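These notes concern the structure reproduced below.
The values are calculated or read from the model by the stated rules, or taken from the named source; none is laboratory data. Computed from a predicted model, the values in this text were never measured in an experiment. Here the Cβ positions follow ideal geometry from the backbone for every residue, glycine too, while neighbour counts run over all protein chains shown.
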Amino acid sequence: MKVGIIQATSQISKNNLLYQYTKEYVEEVVNFGCFEGENNYSYVEIALEIGLLISSQAVDFVVTGCSSGQGMMIACNSLPNLICGYLPTPQDAYLFGRINDGNVASLPLGLNYGWAGEINLRATLQQLFSEPFGIGYPLKDSKRKIADTQLIKQLNKQSKKEMITFLNEIDPQIISKIMQKKDVINYIVHHGKDERIVQWVKSKI
């Protein structure tokens, strides 16, 4: 599994922790920031960057977050090809990985973070990646849980537009802004596996 790290500008101070802790449990991790010195990106804009990363198959999974974690989760779940969980605790992370089998994790990086918040953050990421995704929980109910998850994925796909159709209907000013995140865009161009998305990105450079 190749995991991308990218969070809203409002939580730049947590980027290195997200990256370092994820690296403890995942072999291949790519850090896309946001970093100091870049343009400011809202959680909505970062959700669109995540949509491009996942839809292009440049990465398999994204760890993200914003101040509350809720806004990023809602923004991601509004987009094609994304199933995002809100993971404030290790229990939530464990169940999301085993049962919901999504491709984006949104963490609250400001709300209730508090003193020693890095302990909960680390434990949350450890539980997220502790076992294979989509195996079901509890195991005695795994067949039913897996079937429910597959149905959710089917409904999610049917209820949303195809990615390129969706992208072509977005305000050009928004597209222009997300294309300025050059580390994401260059990574998609060089590592994306969905050629249609890659070509769309190239056409906007």
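Which members of the range 148-205 meet the condition of being among the hydroxyl-bearing types (Ser, Thr, Tyr) and surrounded by fewer than 12 Cβ atoms within 10 Å (Cβ to Cβ)? Show your work before the answer.
Filtering the range 148-205 for residues among the hydroxyl-bearing types (Ser, Thr, Tyr) gives 149, 159, 165, 176, 187, 203.
Hits for the range 148-205 are SER159, THR165, SER176, SER203.
What are the residues in the range 1-27 that are part of a helix (DSSP H, G or I) and either under 12 Å from the mean Cα position of the chain (by Cα) or touching a residue at least 60 places away in the same chain (Cβ under 8 Å) (or both), if any? Even if it seems obvious, please write down each step before you answer.
Here is the first cut: in the range 1-27, the ones part of a helix (DSSP H, G or I) are 9-25.
SER10, GLN11, LYS14, LEU17, LEU18, TYR21, THR22, GLU24, TYR25, listed by residue number.
Looking at the range 32-39, is at least one residue in a loop (DSSP other than H, G, I, E, B), of a type in the set (Asp, Glu) and farther than 22 Å from LYS193 by Cβ?
Kept after step one, since they are in a loop (DSSP other than H, G, I, E, B), are these residues of the range 32-39: 32-39.
Going one step further and asking which of them are of a type in the set (Asp, Glu), we end up with 36, 38.
From the residues that got through so far, the ones that are farther than 22 Å from LYS193 by Cβ too are 36, 38.
So far as the range 32-39 goes, yes, one or more of its residues are in a loop (DSSP other than H, G, I, E, B), of a type in the set (Asp, Glu) and farther than 22 Å from LYS193 by Cβ.
So which residues in the range 63-109 are under 18 Å from VAL44 (Cβ atoms), touching a Phe, Trp or Tyr at 6+ places or on another chain (Cβ under 7 Å) and either assigned to a helix (DSSP H, G or I) or among the charged types (D, E, K, R) (or both)?
GLN70, GLY71, MET72, MET73, ALA75
Checking LEU139 against (1) surrounded by fewer than 19 Cβ atoms within 10 Å (Cβ to Cβ); (2) of a type in the set (A, V, I, L, M, F, W, C); (3) modelled with pLDDT of 95 or more, only one condition comes out false. Which one?
Answer for LEU139: the failing condition is (3).
List, please: which pairs have Cβ atoms under 8 Å, are six or more places apart or on different chains, and start with a residue in the range 40-58 that is farther than 21 Å from GLU28 by Cβ and end with one that is among the acidic types (Asp, Glu)?
From residues that are farther than 21 Å from GLU28 by Cβ, the pairs are TYR41/GLU49.
Would you mention how many residues in the range 49-78 are surrounded by fewer than 23 Cβ atoms within 10 Å (Cβ to Cβ) and either on the phi < 0 side of the Ramachandran plot or within 9 Å of the chain's Cα centre (by Cα) (or both)? If you could, list the steps in order and put the result at the bottom.
Of all residues in the range 49-78, those surrounded by fewer than 23 Cβ atoms within 10 Å (Cβ to Cβ) come to 57, 60-61, 67-68, 70-71, 74, 77-78.
Those left that are additionally either on the phi < 0 side of the Ramachandran plot or within 9 Å of the chain's Cα centre (by Cα) (or both): 60-61, 67-68, 70-71, 74, 77-78.
Count: 9.
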